[in-house]
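To start, the structure itself, in structure tokens.
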Amino acid sequence: MKLPKPRLSLALLSALLAGTVGAQWLPLGKDQVHDPQSPVIDILQAPGEALSQLPPDDAGNHVRWVDALRGGYIQPRSTIFDNTQVRLLDQDIVMRNTGSAAYVRFPHRVHTEWLDCSNCHDYLFQRKAGATRMNMLGILSGEACGRCHGAVAFPLTDCKRCHSVPADGQVGQ
Amino acid sequence: MKRVWGVAFALLLPAGAAAEYGDVVLNRYSDDAGMRPVVFPHWFHRMRFRCKVCHHELGFEMRVGANDVTMEGIIQGRYCGMCHNGDVAWSAENCDLCHSGLPGLKTHIVGGHRTGGPGRW
């Protein structure tokens, strides 16, 4: 019975959870994806130069992308073609079949600010509320919400960002 | 107990590399053609275009490896070539600006930041 090992592991785990291991916004030549020998390594913009100017977050790109959009920090184009219809929907869906976790509030508004209806319907989700079965294992494996959340949209590090509505009988958060 | 910690580490460690969250490596053809793999930075593009522009108007599937992106298609104005045509963005003659990845990298997306999420596909 040696205790130090688990204690060390705990310390490392805590550090990982706190985001203190692994620098954010590494120079491209050190990110283990770009080739440091590439002739353009000093021409391409480094992530930190741009992302450090945007509202901060503690995971993913370390950017609150929705705040960046709504606060006018970025003005991304909605269309390339003149005749593309921009479709927005201001409607929340509350998912109540969440076991012991808080209910999930899905805001259509912010999702349609980034995406078109056809990106999700009926390809990932049926239009009828409650008709699509999903669970956290699938989501963590890249299905349903996990198609984007954990790949490009904010990752699955903070349950409360989605599980934001206290279930009946639960203490409010 | 050791196994539990091992699993915990596997789930928590950032996926392999330290590249920016959402970066996509495309290497279906590059290595074989003697070019560096392509690195597509989602962060750079989403500052300028909403997701729907590429994933709705341009037709990019939202799944790494699901898009058969070729230079022929790009030069004909499909996929990246919809913008990278010298008009909206710089044109496809600037090979190195896209083909900037480490040789030998597999096609994947850098994700799963601090989770075992889809970035580990």
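Could you check A:P27 against (1) surrounded by 13 or more Cβ atoms within 10 Å (Cβ to Cβ); (2) more than 7 Å from chain B (Cβ to nearest Cβ); (3) modelled with pLDDT of 95 or more; (4) more than 19 Å from the chain's Cα centre (by Cα) and say which number it fails?
Single failed check for A:P27: (3).
Kindly establish whether A:G169 is open to solvent by 50 Å² or more (accessible area, probe 1.4 Å), more than 8 Å from chain B (Cβ to nearest Cβ) and modelled with pLDDT under 90. So that I can check it myself, show each step before the final result.
Working: open to solvent by 50 Å² or more (accessible area, probe 1.4 Å): yes; more than 8 Å from chain B (Cβ to nearest Cβ): yes; modelled with pLDDT under 90: yes.
Considered against the rule, which asks whether it is open to solvent by 50 Å² or more (accessible area, probe 1.4 Å), more than 8 Å from chain B (Cβ to nearest Cβ) and modelled with pLDDT under 90, A:G169 comes out as yes.
Name the pairs: first residue in region B:68-92 and within 17 Å of A:F81 (Cα to Cα) and among the small types (G, A, S), second residue open to solvent by 70 Å² or more (accessible area, probe 1.4 Å) and not in a loop (DSSP other than H, G, I, E, B), Cβ to Cβ under 7 Å, at least 6 apart or on different chains?
Pairs that qualify, where the first residue is within 17 Å of A:F81 (Cα to Cα) and among the small types (G, A, S) and the partner is open to solvent by 70 Å² or more (accessible area, probe 1.4 Å) and not in a loop (DSSP other than H, G, I, E, B), are B:G81/B:I75.
Could you look through region A:79-112, keep only residues that are crowded, with 17+ Cβ neighbours inside 10 Å and under 24 Å from B:H45 (Cα atoms), and pick out the one that is farthest from the chain's Cα centre (by Cα)?
A:T112
Cβ-Cβ distance below 6 Å, separation of 6 or more or different chains: which pairs start in region A:63-78 with a residue that is more than 10 Å from B:R46 (Cα to Cα) and end on one that is aliphatic (A, V, I, L, M) and open to solvent by 20 Å² or more (accessible area, probe 1.4 Å)?
Pairs that qualify, where the first residue is more than 10 Å from B:R46 (Cα to Cα) and the partner is aliphatic (A, V, I, L, M) and open to solvent by 20 Å² or more (accessible area, probe 1.4 Å), are A:V66/A:V110; A:S78/A:V86.
Could you please give the count of residues in region A:120-162 that are within 19 Å of B:G59 (Cα to Cα) and either among the hydroxyl-bearing types (S, T, Y) or in a loop (DSSP other than H, G, I, E, B) (or both)?
Within region A:120-162, residues that are within 19 Å of B:G59 (Cα to Cα) and either among the hydroxyl-bearing types (S, T, Y) or in a loop (DSSP other than H, G, I, E, B) (or both) number 9.
Which one is farthest from the other protein chains (Cβ to nearest Cβ), of the residues in region A:63-90 that are in a loop (DSSP other than H, G, I, E, B) and touching a Leu at 6+ places or on another chain (Cβ under 8 Å)?
Among those residues, the one meeting the criterion is A:R64.
Keeping to region A:113-143, report how many residues are modelled with pLDDT under 95, surrounded by 15 or more Cβ atoms within 10 Å (Cβ to Cβ) and under 16 Å from the mean Cα position of the chain (by Cα).
Result for region A:113-143: 5.
The values are calculated or read from the model by the stated rules, or taken from the named source; none is laboratory data. This structure is a prediction, so every number in the text was calculated from the model and none was measured. Backbone-built Cβ (ideal geometry, glycine too); neighbour counts: all protein chains shown. For the accessible areas, the whole protein counts, side chains as well, though only heavy atoms, and no ligand, DNA or RNA atoms are used. Shrake-Rupley method; radii C 1.70, N 1.55, O 1.52, S 1.80 Å.
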